[in-house]
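Worksheet: one structure, shown below.
Derivation of every value follows stated rules applied to the coordinates shown; laboratory data play no part. No experiment lies behind these values; they were computed from the predicted model shown. Every residue, glycine among them, receives a Cβ derived from its backbone with ideal geometry; neighbour counts consider all protein chains shown.
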Amino acid sequence: MVRARGTSAFAAIVVACAAGILVLGCGGGGENKEGGGAGGAKSTDAMPPSAAAPAPSEAPAAQPAGAASITGRVMLEGKAPPRRPITMSADPGCKHPAGGETLSDDVLVGPDGAMQNVWVRVVSGLGDRTFPPPAQPVTLDQSGCTFTPHAVVAQTGQTIEFRNGDTVAHNVHALPKANPGFNMTLPPGGKPTERRFTKPEAVRVKCDIHPWMGSWVLVNDAPFQSLTGADGRFTLSGLPAGTYEVEAWHERAGVSKQSITLADGENKSLDFTFAPGRKSGG
């Protein structure tokens, strides 16, 4: 088993949470600057679905993969910051679906330290292989005035379907750095809107109408990626034999990378650990 420790300014997050100044958000002037071409003021509601990327049918033909796989777990070493209550009183139409208290979901850590919503993917070692996007779209809903789920993974060129399941209006403001941005309104009961991204990156998505709403669309150019669940586990399957660099990314904890070599059909375990104040390790 191979284990790596991750980078982060996670200690600062814990301190900020304790001080009550860390804000979950999809609002704020700083994030608007990240959007590059997104532009907070200019709406692109009329943008056709193919504007952000070519349609899946235009993707290059796939090259053969393999039968090797990587399984592992992502853990937090040390105390996790507490989840923060989200105040929705600014909009009377916003309520928790079950009638309870809405809590922040940017840092989700289990009692045993298992980290949820960590994006694990192969970032190098595939050579010039190309992979067409899946035909099945990825869905990101707005329900209870929160994005559901908090993060989704998609492949370059794959259709991402944005929905509004609420009785109030929302908008979807995407703030990519490598892809064109967009800002579109989703009225209550309206039809889903589709977008695609051509380049791999973590795309921040927010709702300007309700500034506490934030999500991520995590885009990779190959199918070898996974988002950890509540147990912190991930699987990357169907890999050909080779040496790969695997990256674990978390929106607050940072990034950790390590290398692994797989024989044809081999399964290996690869674990990551994030800890406050630790530097990245291989």
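General observations
- Averaging the Cα positions of each part gives two centres, and for region 144-216 and region 224-249 these lie 24 Å apart.
- Rounded if a/c under 1.5, otherwise prolate or oblate - region 55-206, Cα gyration tensor axes: oblate
- Where labels lie 7 Å past Cα in the beta-carbon direction, separation of SER259 and THR235 in nm: 2.8
- THR87 versus GLU266: modelled label distance in nm, points set 7 Å from Cα along the beta carbon direction: 5.6
- Dipole of region 189-237 [Lys/Arg +1, Asp/Glu -1 at C-beta], most positive-end residue of THR198, TRP216, THR228: THR198
- With the simple spin-label model, which puts each label point 7 Å out from Cα in the Cβ direction, the LYS199 to ALA65 separation comes to 2.5 nm.
- FRET efficiency for the LYS79 to ALA178 pair, using the beta carbon distance and R₀ = 41 Å, is estimated at 0.75.
- Residue-span extension gain [GLU161 to HIS96] - 0.36 nm each, minus C-alpha spacing: 21.1 nm
- Pairs from the table (LYS206/LYS268; LYS199/LYS268; LYS79/LYS257; LYS95/LYS257) lying more than 32 angstrom apart at Cα are LYS206/LYS268; LYS95/LYS257.
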